[in-house]
Amino acid sequence: MQPLSQILNFAVDAPDLPRDFSGEIYEMSRGITCPDKAKQVYKKLEPILKDYRADQDIAIACGLLLEKQRHQKGMRDIWDDLCSMYPDDLTALRMLMRWYRREQNVEAGIALIAEMFPKCWRDLDQAVKAIPALVELKSWVEIDEIMSCILVFHPENRPIRMMYIKLLNEQSRFLDAAKVAEHVHGRSSMGQASQDLLSSVSRHARTLNKNNLQNASDAISDIIAMADAPRAFTKTENVVFFTGQLGTGGAERQMTRIACAYQDRYNEAQPLGIAPKVWVKHATASSGADFYRPLLNETGVETSVLSEMPEVPVAALEGLSDDLKELLALLAPDVLRHTCQLYSMFRKDQTDVAYLWQDGGIVQSAIAAVLAGVPRIITSFRGLPPNLRPNLFRIELPVLYAALARLPHVTFTANSQKAATAYEEWLSLDAGAVIVVPNATPAVLPDGDDTDHAYWSEILDTSEGCSKTVLGVFRFDKNKRPLEWIKAAARSIAHRDDTRFVILGGGALQSECAALIEELGLSKRIFLAGIRSKVGFYMHRADLLVHLAEMEGLPNVLIEAQLAGTPVLATPAGGTDEVLFDGITGHILSSANDLPETELDETLERLLANENELAKLGAAAMTHSRGRFSVDTILGRTTELFNTLRLDTK
């Protein structure tokens, strides 16, 4: 991506922008959340900015608009360029540090801050710039080191002390925050928000001391231990599924599939029929977090969205002691907010089974389910645990899971054996403590709607002369390696003139993938079909599916491809070898962490050159996958878990 310093007009003789224009654009850019809206605004600005001289507000606004289009490639360079142009701009610096963290290059970010602000440990002006940047890196140790010095050199400076107290409070480090707050002077002249912060910190510190706790996250064990016994389990009637959102991810699709399957059977008075409810944290349309909401509504699944409901103060929770409420108030703000909402909802619903999905959903809902006395609580782990995915780690998780593991009415599940084993090792659980429930996959039908048929005809016309189709179905993110997929397709095309490549899906890297295809001049051989609801239509028309993920749970798309009779070439990510028989229903590459390009190219070429082997693999794929992952099989297994009390707690 070209730096903004080369795109914008900084000529000294260029006319100034209209008065207040740049400030208004800057404020607008900060408020935009929808990628499409950001793209529209940026495109409208481009011709204007070529004729007028850009200023700092416009330059930063353009950076924010590019950021909010969810570009990934080149964005760190964009913010690096802006930081060089405007070294005192905190927005540019914070965004640059955010990208260092996203790219897991925190040490380089810390080194850059040390270079930019060498005296931040004693100079106030440098400290107030360095600290917010370090917050983006989540470099708490470095922040503590700076603050331990700066407060000695400037003990009477209230703003820097309050900044530190606020940061400690956000980390739930209430004892440390209270100690720093002891030396805040002139409290009576402070604003109400600052006084409330100091009162809250003091109150939480007293609660920790009262309960002999060092960390707020440790309160979770006490909260779980103080919960009343669960209600007697008499029926599987009120079942609630909970997760974070309803976007296009594999876990969201699987949860929706199971909920809808239960509802369909309930509507038709069939065995295994349940009328479940689905509750989620948010379903924001602008970010695509509502993708499966229409399907749930169409099927008749009652769906509730917490972000659309009023918050419930901890003081208003009924049936809990004051001591327990004090401990709850120590929870991180997001966990507390959702715990209070869900506690009230579980109690009102008289939920029989709480089926809690993904670590992010479990941490928001499990405490509420335990406190509300839900008789059966099932957690569903998807993919590898957060100790192996640091970007998903939360300090509450190991404490929460250790407490839940002691409760016989709580059952841990995962969708692959690899994930189950990884969680058992992380949490020091006995082998078999996490039960494997594979993904349910319905029959993959070849049907498509009018738009699918029209688009496929367009592909055939554009790639006339090609007799084979290689398919990819994945989210356009770094983990799924869409750029590497396209490059592999390009290398294959260089040797073959009979194969087209089609990708289904969407995501942050989609625009960069489209740009790469154009740059390679392969728009007539590589096609981006976008998100399609009739995936089976394309699978039945493909000769091979290629999947290059670095990390996986139990990859749904590999099951679906095989049910369609399409062989698979994939990395050994996650539970791939649990659904794909190497050499029988497809081929598994030797590594997922480092993509073996030579092996990939050679295997792809060998398969495409041998139609008989593709046909043989496809037939075996259909035979081996049929029945193993059927919806009825998985519904039966899930219902069994709903009704089974765990007996292995110690």
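The values are calculated or read from the model by the stated rules, or taken from the named source; none is laboratory data. What you see is a predicted model; the values in this text were computed from it and never measured. Every residue, glycine as well, gets a Cβ built from its backbone with ideal geometry; the counts of neighbours run over all protein chains shown. Accessible surface areas use protein heavy atoms only, side chains included; no ligands, DNA or RNA. Shrake-Rupley method; radii C 1.70, N 1.55, O 1.52, S 1.80 Å.
Overview of results
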item: Cross-link reach list, lysines versus Lys468, counting only Cα pairs under 29 Å and skipping chain neighbours closer than eight places; result: Lys478, Lys480, Lys487, Lys524, Lys534, Lys616
item: When region 442-511 is reduced to its Cα atoms, the Kirkwood hydrodynamic radius in Å; result: 13.7
item: Accessible solvent surface per residue of region 313-413, calculated while the other protein chains remain in place, 1.4 angstrom probe, Å²; result: 31
item: Sequence of Glu550, Glu597, Glu318, Glu512 from largest to smallest accessible area, 1.4 Å probe; result: Glu318, Glu597, Glu550, Glu512
item: Largest to smallest accessible area among Arg500, Arg101 [probe 1.4 Å]; result: Arg101, Arg500
item: Cα-based Lys proximity count in region 78-232, under 18 Å, for pairs eight or more positions apart or on separate chains; result: 6
item: Accessible area per residue, Å², region 446-493 with all protein chains present, probe 1.4 Å; result: 45
item: Leading residue at positive end of dipole, the chain (Cβ point charges), from Thr566, Val312, Met226; result: Met226
item: Virtual spin-label span in nm between Ser286 and Met116, 7 Å along Cα→Cβ; result: 2.6
item: Gyration tensor verdict on region 245-351 (Cα atoms; rounded if a/c is under 1.5, prolate if a/b is larger than b/c, oblate otherwise); result: oblate
item: Part-to-part distance (alpha-carbon centres) for region 129-176 and region 250-317, which is given in Å; result: 41
item: Rg(Cα) / (2.2 N^0.38 Å) computed for the chain, rounded to two decimals; result: 1.06
item: Point-to-point label distance, Asn610-Arg389, nm (Cα→Cβ direction, 7 Å offset); result: 3.5
item: Cut-off 11 Å (backbone N to label point 7 Å along Cα→Cβ of Lys524), residues of region 480-510; result: none
item: Percent carbon-and-sulfur accessible area, the chain, ignoring ligands, DNA and RNA, probe 1.4 Å; result: 50
item: Förster radius 35 Å - calculated FRET efficiency between Arg30 and Ala108 (Cβ-Cβ, nearest 0.05); result: 0.85
item: Region 512-650, accessible area per residue, ligands and nucleic acids excluded (1.4 Å, Å²); result: 42
item: Accessible area of Tyr266 in the full protein assembly, 1.4 Å probe (Å², nearest 10); result: 130
item: The chain, helix-only ellipticity at 222 nm - DSSP H runs n ≥ 4, -39,500 (n - 2.57), divided by all residues, nearest 500; result: -15500 deg cm²/dmol
